[in-house]
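Only one structure is covered here, and it is reproduced in the block below.
The values are calculated or read from the model by the stated rules, or taken from the named source; none is laboratory data. Nothing here was measured: the structure is a model prediction, and the numbers come from that model. Don't worry about glycine lacking a Cβ; one is built from the backbone with ideal geometry, like all the others, and counts go over all protein chains shown.
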Amino acid sequence: MILAFDTSSAACTAALFEDGRCIARADEFIGRGHAERLVPMLDEMLGKRRPDHILVGVGPGSFTGLRVGIAAAHGLAIGWDCEIAGMSSLALLAAGVEADTDVGVAVAGGHGEVFVQQFDAALAPLADVRNATPGDAARGISAPLVIGSGAQALVAARGSGEARDAWPAAADALRVPEAMRTLAPKPIYARAPDARAKAAA
């Protein structure tokens, strides 16, 4: 069994797969509070079942959310003695769209900027993740459909296309291409953290 979950956004989402089929899922829009909600949500969904593989969303997205999810994944992998891998949270978002053309993903990243990446119809990334203002990001996203919490801002800056508000759903995890769900289980921040350590005296 494979347990997949993502805490990179205001959503807390998890799914359990057996033989390639989603057999249980939990999706909650919680805003903040992943640290308090994630483990109880997993307990409720899993019951006595124990997966042998964990897929955890590694971002980019909320710094705090990513740290919570990845730390939980490592802890569970140790406790269950199971394998762990990271998956792109932006690819997970794109996997929720049935499209026969490119799709752009734009996620609000703070400071008025967005994390963006474009994928083809097979969900292969067409460029690296970028963090930029909506105006700058719009110049690199040509897909007619843009999804995610930053989609409205990007499409408005571009002046064309369809914006669709969307959140990652772990139930789409196995639609993510293998290359994008066999990543190292560590955060993809795509920009420097807001908090910086004080310089040594």
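Just the residues that are in contact (Cβ under 8 Å) with a residue 12 or more places away in the chain and more than 17 Å from THR64 (Cα to Cα), please, taken from region 1-22. MET1, ILE2, LEU3, ALA4, ALA14, ALA15, LEU16, PHE17, GLU18, GLY20, CYS22, listed by residue number. Scan region 69-97 for residues that are more than 13 Å from the chain's Cα centre (by Cα), among the aliphatic types (A, V, I, L, M) and assigned to a helix (DSSP H, G or I) and the total you get is 6. All conditions in (1) of a type in the set (A, V, I, L, M, F, W, C); (2) buried (at least 22 other Cβ atoms within 10 Å of the Cβ); (3) assigned to a helix (DSSP H, G or I) hold for ALA156, with the sole exception of (2). If you go through region 97-119 and keep only what is of a type in the set (Val, Ile, Thr), more than 19 Å from ALA170 (Cβ to Cβ) and surrounded by 20 or more Cβ atoms within 10 Å (Cβ to Cβ), you end up with VAL114, VAL116. The residue that is farthest from SER9 (Cα to Cα), among those in region 98-119 that are of a type in the set (A, V, I, L, M) and in a strand (DSSP E or B), is VAL103. Looking across ALA106, ALA72, ALA91, ALA137, one residue alone is touching a helix residue (DSSP H, G or I) at 6+ places or on another chain (Cβ under 6 Å), farther than 18 Å from PRO185 by Cα and at pLDDT 95 or above. It is ALA106. When the test is whether a residue is part of a strand (DSSP E or B), surrounded by fewer than 18 Cβ atoms within 10 Å (Cβ to Cβ) and more than 14 Å from the chain's Cα centre (by Cα), ILE23 passes it.
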